[in-house]
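Asker: A single structure is presented below for examination.
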Amino acid sequence: MEEVIDPQLMVMASEILKAVAHPVRLGIIQALENGEKNVSEIQAIVNQPQAVTSQHLNVLRVRGLLKSRREGNMVYYSIAEPFVLRILKCMRECFLSHK
C-alpha cells in the first residue's frame, strides 16, 4: 500500500494544483523552465495581453511558485519551487503515454 498523505499536505498540494491548473499558468511555467524571463518575453510566449499575463504571474508568485526581481523598469520572473517543474514533467509523461 502506498504511503498515506497527511491531510495538511493534501490541502497544500490542492492549493498548488489550483494555482497551476490554468493553460496560461502552465504556459508560463513551461516558458520559465529554462531560466528567467521578463514579462514581455513571457507575454510573447503565452500569447496573451500584458494585463492577463501579469495577473497569472501574480497568482503563481503569491503562491510561492515563482519569484520576481526588478532591474530598472523590467521585472524578471523565475521558478521559485523546482517541484513545479516536476509537475510539468509528470503531465508530459502522463499525456504522452496516452496518445
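What follows draws every value from the coordinates through simple rules; no lab data is involved. Since the structure is predicted, the reported quantities are computational estimates derived from the model, not experimental observations.
Asker: Based on the Cα coordinates of the chain, what is the per residue volume of their convex hull in Å³? Intermediate values should be presented prior to the final figure.
Answerer: On the way: hull volume 11.3 nm³, N = 99.
Given the Cα convex hull of the chain, per-residue volume reads 114 Å³.
Asker: Determine the relative contact order of the chain: mean sequence separation of Cα pairs under 8 Å and six or more apart, normalised by residue count, in whole percent.
Answerer: Numbers: 87 pairs, mean separation 25.8, N = 99.
Here the relative contact order equals 26 percent.
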